[in-house]
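The values are calculated or read from the model by the stated rules, or taken from the named source; none is laboratory data. Everything numeric in this text was worked out from a predicted model, so none of it was measured. Ideal geometry is used to build each Cβ from the backbone, glycine not excepted, and the neighbour counts take in all protein chains shown. All accessible areas refer to the heavy atoms of the entire protein, side chains included, with ligands and DNA or RNA removed. Shrake-Rupley method; radii C 1.70, N 1.55, O 1.52, S 1.80 Å.
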Amino acid sequence: MIRIGIGMLFLITLFISLLIIIYLKNSKNNKQKIMQLIRNTQTECWENTLYLQEKDRERLAEELHDNIISRLNLIRLNTDYKNMNELSVDLKNSMQIIRELSHNLTPPDLEEIELIDLIADYLEQINKNIEVKYYHHISRNTPINTQTKLNIFRILQELINNILKHAHATQIDISLRISSNHLILTARDNGCGFSMESSCRGIGLRSIHSRAKLIKAVYKFKTTSEKGTNFIICVSIKSNKNEKYKN
């Protein structure tokens, strides 16, 4: 009986040891998988950041070439044909474009301005070129972190830039709704629409996708030829509540 008891105790000990070994091995494998997932996520975020930086550089180069340099060149060519008042107006228009470009590329002081006011200030400039209607509803003073603010603002800029360049629209409707849990931004134009399958329209879908992914937002386009485009993006702001925020 003693031998049987010792044998049973040995088997139980061996079984428990095997379970511990298997557990430790699985834990190690899971830890390696988690670390690999973290590395992949960091790499993807870095690649997205680099892409967005390159996108901004391309936009700057395009704006400088198409708007600023072209306008200044026309002013140079017309110095012999226009009077000083006309040339002064042309120069003022060029300076205004440069100011708008600087405003678009320079990140604002996000901790000192609310998103609703940031968008309103930007749309006030756009309203000179196209009719813009801005609706907003804030259910409460919900704090929004700076990363969400910046990326929502840049997404809106991307949408507006492409509407102005490609949609041939006469009106843009922007709506911002902020509740205790969600932020919802919608943009609608009455332009010509675009093909989702076409990548040559300059809609900047990849940029919008990258920025939405950075803030874990979901978005959707609805576009119809000659009937305009609707865009909606939604981001959860529950995680912002515990983040330090300045009004």
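Return the residue satisfying two criteria in turn: it lies in the stretch 226-247 and is open to solvent by 80 Å² or more (accessible area, probe 1.4 Å) and not charged (D, E, K, R), and of such residues it is modelled with the lowest pLDDT.
Among residues in the stretch 226-247 that are open to solvent by 80 Å² or more (accessible area, probe 1.4 Å) and not charged (D, E, K, R), the one modelled with the lowest pLDDT is 247.
Only one of the listed residues (75, 69, 38, 138) is at pLDDT 75 or above and either among the hydrophobic types (A, V, I, L, M, F, W, C) or farther than 26 Å from residue 216 by Cβ (or both). That residue is 138. Among the residues of the stretch 175-183, is any within 13 Å of the chain's Cα centre (by Cα) and closer than 17 Å to residue 222 by Cβ? No, the stretch 175-183 contains no residue that is within 13 Å of the chain's Cα centre (by Cα) and closer than 17 Å to residue 222 by Cβ. A single entry from 186, 142, 223 fulfils the requirement of being touching a residue at least 60 places away in the same chain (Cβ under 8 Å), open to solvent by less than 50 Å² (accessible area, probe 1.4 Å) and of a type in the set (Val, Ile, Thr): 142.
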